[in-house]
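Asks: Below: one structure in structure tokens.
The values are calculated or read from the model by the stated rules, or taken from the named source; none is laboratory data. Here the structure is a predicted model, which means the values were calculated and not measured. FYI the Cβ positions are ideal-geometry reconstructions off the backbone, even for glycines, and counts take in every protein chain you see. Please note that ligands, DNA and RNA were not included when accessible areas were found on the heavy atoms of the full protein model with its side chains. Shrake-Rupley method; radii C 1.70, N 1.55, O 1.52, S 1.80 Å.
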Amino acid sequence: MEFNIDPVAFTIFGIDIMWYAVLITSGILLGIFLTGKLAKIKNLDPEMPSDLLLWAIIPAIIGARIYYVVFSWDYYSKNPSEIINIRNGGLAIYGGLLVAFLVAYIFSKKRNIPYLTILDIFAPGIALGQAIGRWGNFINQEAYGTPTDLPWGIIIDGTKVHPTFLYESLGDFLIFLLLFNICRKNRHQKGTVIALYFILYGILRFFVEGMRTDSLYFLGLRVSQILSLILVVIGSVIYFTNRKKSKILQK
């Protein structure tokens with residue numbers, strides 16, 4: 001299957017608005033809407049997620065871009081004018097998440113809300129936003145995989161390849177469904193939902209990244225795979241620590 005979709009969604013006052021931006025923005029807004037619903041279940045201000053978004057959105061975009069540029073420095077050192085050009089992609093989700101988690105920590109201290117509680121209610125929305133945002137990669141014809149003969153492969157530059165954007169999008173959506181269901185029932189130890197996100201997304205991204213042809217490397221290793229393993233470890237520590245605490249409380 002070969003797809004050639006115009007990356008420009010529409011034009012306003014002569015400025016092209018890219019599908020990439022439309023999809024990422026849609027994912028963020030839908031994620032924030034659902035996070036507000038979860039905040040209400042937790043007896044928190046349902047406007048709190050929107051407040052945090054205002055704090056985090058610009059730093060997260062900057063973080064996502066810096067991450068991408070740093071690990072693509074061979075190109076950007078020769079094309080410095082391209083560093084601030086994000087219209088054609090070049091945002092790394094891990095860079096954005098790292099900065100967003102830091103901003104969320106500062107926000108939690110300012111609002112006197114437990115940090116893990118904030119991460120718990122945001123985790124489902126993050127997964128949903130990623131599921132939607134990955135389709136921007138499809139339209140830009142990026143983040144695809146190695147050649148394949150599978151019937152669902154897509155044609156990029158005349159070669160049939162793995163639609164890794166689709167694999168991750170479907171995986172992210174399943175993670176969202178699981179986490180949202182757990183979080184809305186409000187019967188879990190604080191930190192359990194974000195721990196499961198770290199574990200499940202880390203595993204998903206590790207295997208999907210292994211099929212991609214555009215990975216960012218450091219010392220010959222795929223950076224995203226390294227971070228994925230770190231996420232799995234952190235998530236596992238939080239999850240099993242919570243289970244241990246739960247068993248002690250039940251005694």
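Asks: Per-residue HN-Hα couplings for the range 9-18, Karplus 6.51 cos²θ - 1.76 cosθ + 1.60 at θ = phi - 60°, whole Hz, x for Gly and Pro?
Replies: Coupling constants for the range 9-18: 6, 6, 10, 10, 6, x, 9, 6, 9, 7 Hz.
Asks: I've got another one for you. Just list whichever of LYS109/LYS244; LYS78/LYS160; LYS40/LYS110 have alpha carbons separated by over 21 Å in the model shown.
Replies: As for pairs spanning more than 21 Å Cα to Cα, those are LYS109/LYS244; LYS78/LYS160.
Asks: Hey, can you find the accessible area per residue of the chain for me, probe 1.4 Å, expressed in square angstrom?
Replies: Each residue of the chain exposes 55 Å² on average to a 1.4 Å probe.
Asks: Report, please, the projected area of the range 19-124 averaged over directions, based on the convex hull of its C-alpha atoms, in nm².
Replies: Orientation-averaged projected area of the Cα hull: 6.8 nm².
Asks: Listed highest first by mean packing, meaning other Cβ atoms within 10 Å per residue, what order do 96-105, 192-201 come in?
Replies: 192-201, 96-105
Asks: When the accessible area of the chain is computed with all protein chains present and a 1.4 Å probe, what percentage of it is carbon and sulfur?
Replies: Carbon and sulfur together cover 66 percent of it.
Asks: For the chain, compute Rg over Rh where Rg is the Cα radius of gyration and Rh is the Kirkwood radius from the inverse mean 1/r over Cα pairs.
Replies: A ratio of 0.98.
Asks: Something else now. In whole Å, what is the distance between the alpha-carbon centres of the range 207-233 and the range 44-121?
Replies: Using only Cα atoms, the two centres lie 19 Å from each other.
Asks: Still on this structure, please answer the following. Given the -39500 (n - 2.57) contribution per DSSP H run of 4+ residues, what per-residue ellipticity at 222 nm results for the chain, rounded to the nearest 500 deg cm²/dmol?
Replies: Result for the chain: -22500 deg cm²/dmol, rounded to the nearest 500.
Asks: Over all pairs of distinct alpha carbons, what does the Kirkwood formula give as the hydrodynamic radius of the range 92-237, in Å?
Replies: Taking every pair of different Cα atoms in the range 92-237, averaging 1/r and inverting gives 16.2 Å.
Asks: Give the long-range amide H neighbours of ILE17: residues separated by 5 or more places, or on another chain, with amide H under 5 Å away, using H modelled in the peptide plane at 1.01 Å from N.
Replies: ALA9, PHE10, THR11, ILE12
Asks: How large is ³J(HN,Hα) for each residue in the range 25-41, as worked out from phi by the Karplus curve 6.51 cos²θ - 1.76 cosθ + 1.60 (θ = phi - 60°), to whole Hz, x for Gly and Pro?
Replies: So the J values, rounded to whole Hz, are 5, 4, x, 5, 5, 5, x, 5, 4, 5, 5, x, 5, 5, 4, 5, 4.
Asks: Please list 3J(HN,Hα) in residue order for the range 98-111, calculated via the Karplus relation 6.51 cos²θ - 1.76 cosθ + 1.60 where θ = phi - 60°; whole Hz, with x for glycine and proline.
Replies: 4, 5, 4, 5, 5, 5, 4, 5, 4, 4, 4, 5, 5, 9
Asks: Follow-up. In nm, to one decimal, how far is the modelled label at LYS185 from the one at THR213, with both set 7 Å along Cα→Cβ?
Replies: Rounded to a tenth, the inter-label distance reads 4.3 nm.
Asks: What are the residues whose amide H is under 5 Å from the amide H of LYS160, where those residues sit 5 or more places off or on another chain and H is modelled from the backbone?
Replies: Residues meeting the criterion, in which the H sits 1.01 Å from N, are THR148.
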